[in-house]
1. Identify, from the list 285, 265, 240, the residue that is touching a residue at least 40 places away in the same chain (Cβ under 8 Å) and in a helix (DSSP H, G or I).
2. Just checking: which of the strands (runs of 3 or more DSSP E) contained wholly in segment 115-195 hold 2 or more residues that are farther than 21 Å from residue 243 by Cα and under 20 Å from the mean Cα position of the chain (by Cα)?
3. Being closer than 20 Å to residue 329 by Cβ, within 15 Å of the chain's Cα centre (by Cα) and at pLDDT below 95 is the requirement here; does residue 87 meet it?
4. Looking only at segment 360-369, which residues are at pLDDT 95 or above and either in a loop (DSSP other than H, G, I, E, B) or under 27 Å from the mean Cα position of the chain (by Cα) (or both)?
5. Based on what the data block shows, is residue 69 at pLDDT below 95, outside the structural domain of residue 232 (by TED's automatic domain parsing) and in contact with a helix residue (DSSP H, G or I) (Cβ under 9 Å, 6 or more places away or on another chain)?
6. Taking segment 300-359, which residues are surrounded by fewer than 17 Cβ atoms within 10 Å (Cβ to Cβ) and either outside any helix (DSSP H, G or I) or touching a strand residue (DSSP E or B) at 6+ places or on another chain (Cβ under 9 Å) (or both)?
7. Does any residue in segment 172-186 that is closer than 10 Å to residue 218 by Cβ come within less than 6 Å, Cβ to Cβ, of a residue that is assigned to a loop (DSSP other than H, G, I, E, B) six or more places away or on a different chain, and which pairs are these?
8. Residues that are more than 26 Å from residue 187 (Cβ to Cβ), surrounded by fewer than 23 Cβ atoms within 10 Å (Cβ to Cβ), outside the structural domain of residue 260 (by TED's automatic domain parsing) and free of Cβ contacts under 8 Å to residues at least 24 places away in the same chain: does segment 81-102 have at least one?
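The values are calculated or read from the model by the stated rules, or taken from the named source; none is laboratory data. Quick caveat, the model's predicted, so the values are computed rather than measured. Because the Cβ atoms are built from the backbone with ideal geometry, glycine has one as well, and the counts that use them run over all protein chains shown.
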């Protein structure tokens, strides 16, 4: 495995670091103020921000656009997972930054899904405007009435009716659904509850403006509504869409989920590493600027222990993430499933610990809105649940490890598709 970034990756990395310094960090507070002022002055926090819309063309002009999607003729700028990793990490230092480069979740996973599993008609209608950054999307899988960490529990029904499918179900924590630019859902539901356990589910494209789609409410995370992105509870009541909107065909939903969630998970981990780097930077700057008991706080032993531990944790997580990315590029997602599961546990937990230490270093300021740490903590904490809780991934890792020492006649291991 090569640990050197490719020349193209290094070139883009330098451009991205410069772009972040010139356009993203200086607008960090302005972004928050714009969202808040939209709510105060216009009575609507769910308005796309001018800041991001003005920065998108600049990013595209510099070739910092759609970097996440490898091997697509529609996005020739897309990188391998290994080359994308350090760039995604940089974007992850600011929660809203990935959207500027059209590299934000859940759009990245949805675009990859439509590219890999959609028809040419699906791609023309939905993938192309997503790649241009003209619309946004959401992934409707999680449900309030079942343990969605096991996707086979999903109860939403997708039933054939002539040339259409009719959808009935209740979803929640549907990220991005609050954005008025969200025009398409990829929905997972059951087409045949009597089929084999992993052949019951299907995925289908549902235009957001279809009759019967009702957004009940946005769901705040630790008090943050994440407007204008949001995470919503949605009802699908007799929602009728063309049969051509089904992806791959009936009973293929579990297969699609396996393909979609692998890249989505590794992108989350890349961004979590960037979040941890930002928290460590803020921690060190704060400790160097404060004096207590006659010396800088950074000179006190407990904080040096924490700084050292932070660096060890970040670099360890980065190396495992790069290994997972390398395996995805060389042997495929299926054979990288153990590494993907490991980083999905390691990276969010690592970042959470470092953000918590950074909050402690800032004292009362750390839990306020004067610094980004409280929001980073809330955002990162959800990653231990989203795209599969820690417990499910640990179980999958253990099964794979046990299989190495199992007799040929041992049980066949079944790894669950999970989201939240």
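1. None of the other options fit; the residue is 265.
2. Per the criteria, 164-175.
3. So residue 87 does not fit the description; no.
4. Matches in segment 360-369: 360, 366, 367, 368.
5. Against the criterion (at pLDDT below 95, outside the structural domain of residue 232 (by TED's automatic domain parsing) and in contact with a helix residue (DSSP H, G or I) (Cβ under 9 Å, 6 or more places away or on another chain)), residue 69 qualifies.
6. Passing the criteria: 300, 331, 332.
7. 178/46; 178/230
8. Taking every residue of segment 81-102 in turn, none turns out to be more than 26 Å from residue 187 (Cβ to Cβ), surrounded by fewer than 23 Cβ atoms within 10 Å (Cβ to Cβ), outside the structural domain of residue 260 (by TED's automatic domain parsing) and free of Cβ contacts under 8 Å to residues at least 24 places away in the same chain.
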